[in-house]
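Down below is the structure, laid out as structure tokens.
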Amino acid sequence: MASLKPDAAPGKAPAKVRFRDPQIEMAHGAGGIASRRLIEGLFAPLLLGSANEPLGDSARVEIAGAQVAITADCFVVKPLRFPGGSIGELAINGTVNDLAVSGARPQSIVATFILEAGLATEVLEAEVRAMAQAARQAGVTVAGGDTKVVEHGKADGMYITTTGVGSFLSGVHINPRSVRPGDKVLLSGPIGDHGITILLARGELDLEADLCSDTRSVFPLVEAMAIAAGPGIRWMRDPTRGGVATSLNELARDCGLGLHLNEDKIPVRDSVRGACELLGLDPLHIANEGQFLAVVAPEYADLALNALCQADGGAEAVMIGEVHQQPAGSVLITTEYGGSRIIDMLVGDPLPRIC
Amino acid sequence: MKFVDEFRDPEVITRTAEEIRRLADPNRHYRLMEVCGGHTHAIYRFGLKDILPPNIELIHGPGCPVCVLPMGRIDDGLSLAQDPDVIFSAFGDMMRVPGTQGSPLEHKARGMDVRIVYSPSDALKLAKANPDKHVMFFAIGFETTAPSSALTLMRAKAEGIRNFSLFCNHVTIIPAIRAILDSPDMRLDAFIGPGHVSTVIGCRPYEWIAKDEHKPIAVSGFEPLDLLQSIVMLLRQLKAGEAKVENQYKRVVPWEGNRAALRAMAEVFELRPYFEWRGLGFISQSALRIRDSYAEWDSEQRFSIAGVRVTDPKAAQCGEVLKGVLKPAQCKLFGRECTPEHPVGALMVSSEGSCAAYYNYEHRKAMATSLAWPA
């Protein structure tokens, strides 16, 4: 999830709170416009002193002269286990991915467990085992943690929060403001698998599909791309809640340029498309846990794409669009037959349309 | 994806768009109304306006059930659910629709037991799983969703499930089209007929539009090619000076409708003498209520309901937009007080509502491509 970038000048007077919503709604956690308003209007001005810096997936802090990437994430998912993954695996991969797309090699994670009284030990053990395995696979250590137990009925079984640290890859500089017209937009693979898997796994829909969450560490892909095209990488993001549409809108606003996407280039599995058609959802707004977006300088775009495609798990990577001057601050998607529309951030939670 | 990809084939779409350009008389302005909100959404989503000639104007009709529901009905439904023993259930479509004290989602955030269901039968399952609670299903929709409401009540009665009731807001499409045609400030050339509604009612109920009002109508599917083919059908009729009902959506819509669905509706529902439509006012025989034989499952008969009437904010011009007299952006509140995130009028709530569709896809595009959109 988005972390808060500390302001350069400590001790500066806090900026004004602009968040005016009377109460917290589910939408404030859905990753879309409301989430951004909460972060930029309340957290950033009070905790960071300034909300003017673009918010990245990790913060850059200096410790004893060394630059370190640090990120925090929390995981609340119902059901705890779903096809292709579980909350424990998500907690590791989600944290690892926030570091990876900040251009950092994930090193170490600490985790906090908020457990609901009455949670079966075997359920907890399974999740801790899943975390251990995911950490081994991702090459990170779990260095410590904390445990709290809350009353029965309070935490959907368990919540996990994490903090991850990583070291920056040399020669990779991620900054949305370095994005220029002519840059290419890359996507690591098909979108929407995770969000639709969770929706179906809740069992409220009487819909079945042969579909798995895409949860995985994207660091090997990022690393392959960095080796081949490091100096050309301008920006990366893992499009979790709010989906590709929200991540790219944040970029468009941060860099003040227009992002043009080709709809037919964006890979979406048939089962995800089918579920989205049925429920009136847009795959571009659906969460992913194992994909990332990158904006790469044009002269490095082919190198970056080839590196991705040849890396393990990157065969479905594609170039989905290009950066233009206009429409400034927006994402425009063009269909194969020449129609176009503006893609906005997710507003609220994605709600199925029935009638 | 079968039955979808065929209707999004770029080559066929380009050919059909060319045919539309050939058929359209450049000296004539065409005003075609798409009755159904699903069509409005599809037109924007697929960017169809970009490939139509500028003298074909598509006007959004009244076929968005969320949009035509008066705010007082939402207040009535939510007031019942103030009781901690009541679970309020509804489609996702309803969840962000504002009542005077906020939307169902906002009530949920304050502690009300509000559940999103995907069909009324899921709400009935909820009642079975929560025997100590009363589950109310807030039913909305045209003839598309009314049959599943009817079947659910038939099942509740057959199984004797008594902790379940339905707050009926089902409306019927034909009186709404008649109200539009009766409106003196309305000039339309033809109709793109609703697809999903017609799977239930068939094509016959539209015959008066062709016969008495001399307006062509083509019942249409929801894919880009469906809509373009329907426009071709309408232009051909207009060119030939004809007016008839055509069925473009034959793969789904039987001419005679779905008899089993109509029978279920007739078993459970009867016409209300009149019903208030947001933006259109009171329309006689335009909505359904639950028959006395199902009174026990009728929220309105079972509980005392205030029957709140809430007038829309004066500045909101939902009615004019709903009737196609004004374009969404011509409303005084559009894009300022009234946005998809903070809707004032209902047309801004549902993504099928013409204001939300216009805002999401068209308005921002116009803003963005004319000058810079504030970053």
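The values are calculated or read from the model by the stated rules, or taken from the named source; none is laboratory data. Small disclaimer: the values here were computed from a predicted structure and weren't measured. FYI the Cβ positions are ideal-geometry reconstructions off the backbone, even for glycines, and counts take in every protein chain you see.
Among (1) part of a loop (DSSP other than H, G, I, E, B); (2) buried (at least 24 other Cβ atoms within 10 Å of the Cβ); (3) among the hydrophobic types (A, V, I, L, M, F, W, C); (4) within 14 Å of chain B (Cβ to nearest Cβ), where does A:ILE191 come up short?
(4)
At pLDDT 95 or above, touching a Cys at 6+ places or on another chain (Cβ under 7 Å) and β-branched (Val, Ile, Thr), is that true of A:THR112?
Considered against the rule, which asks whether it is at pLDDT 95 or above, touching a Cys at 6+ places or on another chain (Cβ under 7 Å) and β-branched (Val, Ile, Thr), A:THR112 comes out as no.
Condition test on A:VAL347, is it within 10 Å of chain B (Cβ to nearest Cβ), in contact (Cβ under 8 Å) with a residue 40 or more places away in the chain and at negative phi?
The answer is yes for A:VAL347.
Tell me which residues, restricted to the range B:53-71, are crowded, with 19+ Cβ neighbours inside 10 Å, more than 13 Å from the chain's Cα centre (by Cα) and at pLDDT below 95.
B:LEU58, B:ILE59, B:PRO70, B:MET71, listed by residue number.
For the range B:21-32, check the following and say yes or no: at least one residue is part of a loop (DSSP other than H, G, I, E, B), out of contact with any Leu (no Cβ under 7 Å at 6 or more places or on another chain), in the same structural domain as B:LEU181 (by TED's automatic domain parsing) and in contact (Cβ under 8 Å) with a residue 60 or more places away in the chain.
yes
Working only within the range B:128-154, note down all residues that are surrounded by 24 or more Cβ atoms within 10 Å (Cβ to Cβ) and part of a helix (DSSP H, G or I).
B:ALA146, B:SER149, B:ALA150, B:THR152, B:LEU153 - these are the residues of the range B:128-154 that are surrounded by 24 or more Cβ atoms within 10 Å (Cβ to Cβ) and part of a helix (DSSP H, G or I).
Can you confirm whether A:ASP302 is more than 8 Å from chain B (Cβ to nearest Cβ) and either acidic (Asp, Glu) or touching a helix residue (DSSP H, G or I) at 6+ places or on another chain (Cβ under 9 Å) (or both)?
On the way: more than 8 Å from chain B (Cβ to nearest Cβ): yes; either acidic (Asp, Glu) or touching a helix residue (DSSP H, G or I) at 6+ places or on another chain (Cβ under 9 Å) (or both): yes.
Yes; evaluated as a whole, the condition is true for this residue.
Here is a yes/no grid of residues against (1) free of Cβ contacts under 8 Å to residues at least 24 places away in the same chain; (2) closer than 24 Å to B:MET95 by Cβ; (3) in contact with a helix residue (DSSP H, G or I) (Cβ under 7 Å, 6 or more places away or on another chain):
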{"residue": "B:PHE138", "(1), (2), (3)": "no, yes, yes"}
{"residue": "B:PRO147", "(1), (2), (3)": "no, yes, yes"}
{"residue": "B:LEU151", "(1), (2), (3)": "no, yes, yes"}
{"residue": "B:ILE161", "(1), (2), (3)": "no, no, yes"}
{"residue": "B:ALA179", "(1), (2), (3)": "no, no, no"}
{"residue": "B:ASP185", "(1), (2), (3)": "no, no, no"}
{"residue": "B:HIS196", "(1), (2), (3)": "no, yes, yes"}
{"residue": "B:CYS203", "(1), (2), (3)": "no, no, no"}
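Within the range B:118-139, how many residues are of a type outside the set (Phe, Trp, Tyr) and touching a Phe, Trp or Tyr at 6+ places or on another chain (Cβ under 7 Å)?
7
Show me the strands (runs of 3 or more DSSP E) entirely contained within the range B:35-126 in which 3 or more residues are at the interface with another protein chain (Cβ under 8 Å from one of its Cβ atoms). Break it down into steps so the answer makes sense when it comes.
Working: elements: B:56-63, B:86-90, B:114-116.
Filter on the range B:35-126 gives an empty set.
Show me the strands (runs of 3 or more DSSP E) entirely contained within the range B:253-348 in which 2 or more residues are more than 14 Å from chain A (Cβ to nearest Cβ) and crowded, with 16+ Cβ neighbours inside 10 Å. Let's see the steps before the verdict.
On the way: elements: B:269-271, B:274-277, B:281-284, B:288-290.
Output list reads B:274-277, B:288-290.
Among what's in the range B:1-34 and is within 11 Å of another protein chain (Cβ to nearest Cβ) and among the hydroxyl-bearing types (Ser, Thr, Tyr), pick the residue that is nearest to B:VAL68 (Cα to Cα).
Ranking the candidates gives B:THR16 first.
Could you check, for the range A:319-328, whether at least one of its residues is out of contact with any strand residue (DSSP E or B) (no Cβ under 8 Å at 6 or more places or on another chain), within 30 Å of B:GLY37 (Cα to Cα) and not β-branched (Val, Ile, Thr)?
no
For B:PHE46, work out the one condition from (1) among the hydrophobic types (A, V, I, L, M, F, W, C); (2) at pLDDT below 95; (3) under 18 Å from the mean Cα position of the chain (by Cα) it doesn't fulfil.
Failed condition: (3).
Within the range B:58-90, track down each residue that is under 27 Å from B:LEU234 (Cα atoms) and not small (Gly, Ala, Ser). Break it down stepwise before answering.
Initial filter on the range B:58-90 (under 27 Å from B:LEU234 (Cα atoms)): B:58-65, B:67-68.
Listed by number, the residues that qualify are B:LEU58, B:ILE59, B:HIS60, B:PRO62, B:CYS64, B:PRO65, B:CYS67, B:VAL68.
Please find, within the range A:265-278, the residue that is modelled with the lowest pLDDT out of those that are more than 8 Å from every other protein chain (Cβ to nearest Cβ) and over 21 Å from the mean Cα position of the chain (by Cα).
It comes out as A:LEU278.
Give the number of residues within the range A:216-229 that are surrounded by fewer than 24 Cβ atoms within 10 Å (Cβ to Cβ) and either closer than 22 Å to A:ALA132 by Cβ or outside the structural domain of A:ALA201 (by TED's automatic domain parsing) (or both).
2
Just wondering, is there one or more residues in the range B:317-326 that are in contact with an Asp or Glu (Cβ under 9 Å, 6 or more places away or on another chain), farther than 27 Å from B:PHE91 by Cα and of a type in the set (Gly, Ala, Ser)?
Among the residues of the range B:317-326, not one is in contact with an Asp or Glu (Cβ under 9 Å, 6 or more places away or on another chain), farther than 27 Å from B:PHE91 by Cα and of a type in the set (Gly, Ala, Ser), which makes the answer no.
Would you pick out the residues in the range B:127-152 that are more than 26 Å from the chain's Cα centre (by Cα) and more than 13 Å from chain A (Cβ to nearest Cβ)? Even if it seems obvious, please write down each step before you answer.
Pass one, the range B:127-152, residues more than 26 Å from the chain's Cα centre (by Cα): B:127-134.
Answer for the range B:127-152, where residues must be more than 26 Å from the chain's Cα centre (by Cα) and more than 13 Å from chain A (Cβ to nearest Cβ): B:ALA127, B:LYS128, B:ASN130, B:PRO131, B:ASP132, B:LYS133, B:HIS134.
State yes or no: is A:ILE109 surrounded by 15 or more Cβ atoms within 10 Å (Cβ to Cβ) and farther than 30 Å from A:GLN67 by Cα?
Working: surrounded by 15 or more Cβ atoms within 10 Å (Cβ to Cβ): yes; farther than 30 Å from A:GLN67 by Cα: no.
Criteria not met by A:ILE109.
Does any residue in the range A:217-243 that is on the phi > 0 side of the Ramachandran plot come within less than 7 Å, Cβ to Cβ, of a residue that is in a helix (DSSP H, G or I) and not small (Gly, Ala, Ser) six or more places away or on a different chain, and which pairs are these?
Short answer, once both residue conditions are applied: A:GLY242/A:HIS285; A:GLY243/A:LEU284; A:GLY243/A:HIS285.
Exactly one condition in (1) more than 21 Å from B:LEU280 (Cα to Cα); (2) of a type in the set (A, V, I, L, M, F, W, C); (3) in a helix (DSSP H, G or I) is not met by B:ALA243; state its number.
So the condition that B:ALA243 fails would be (3).
Given B:GLY77, B:GLY72, B:GLY63, which one is under 18 Å from B:ALA346 (Cβ atoms), in contact with a helix residue (DSSP H, G or I) (Cβ under 6 Å, 6 or more places away or on another chain) and touching a residue at least 40 places away in the same chain (Cβ under 8 Å)? Let's see the steps before the verdict.
Details: B:GLY77 fails: in contact with a helix residue (DSSP H, G or I) (Cβ under 6 Å, 6 or more places away or on another chain); B:GLY72 fails: in contact with a helix residue (DSSP H, G or I) (Cβ under 6 Å, 6 or more places away or on another chain).
Just a single option satisfies the conditions, and that option is B:GLY63.
Scan the range A:67-79 and tell me whether some residue there is within 14 Å of chain B (Cβ to nearest Cβ) and either within 19 Å of the chain's Cα centre (by Cα) or buried (at least 19 other Cβ atoms within 10 Å of the Cβ) (or both).
yes
Would you pick out the residues in the range A:146-160 that are within 11 Å of A:VAL110 (Cα to Cα) and more than 23 Å from the chain's Cα centre (by Cα)?
Filtering the range A:146-160 for residues within 11 Å of A:VAL110 (Cα to Cα) gives A:146, A:160.
Within the range A:146-160, just A:ASP146 meets the criteria.
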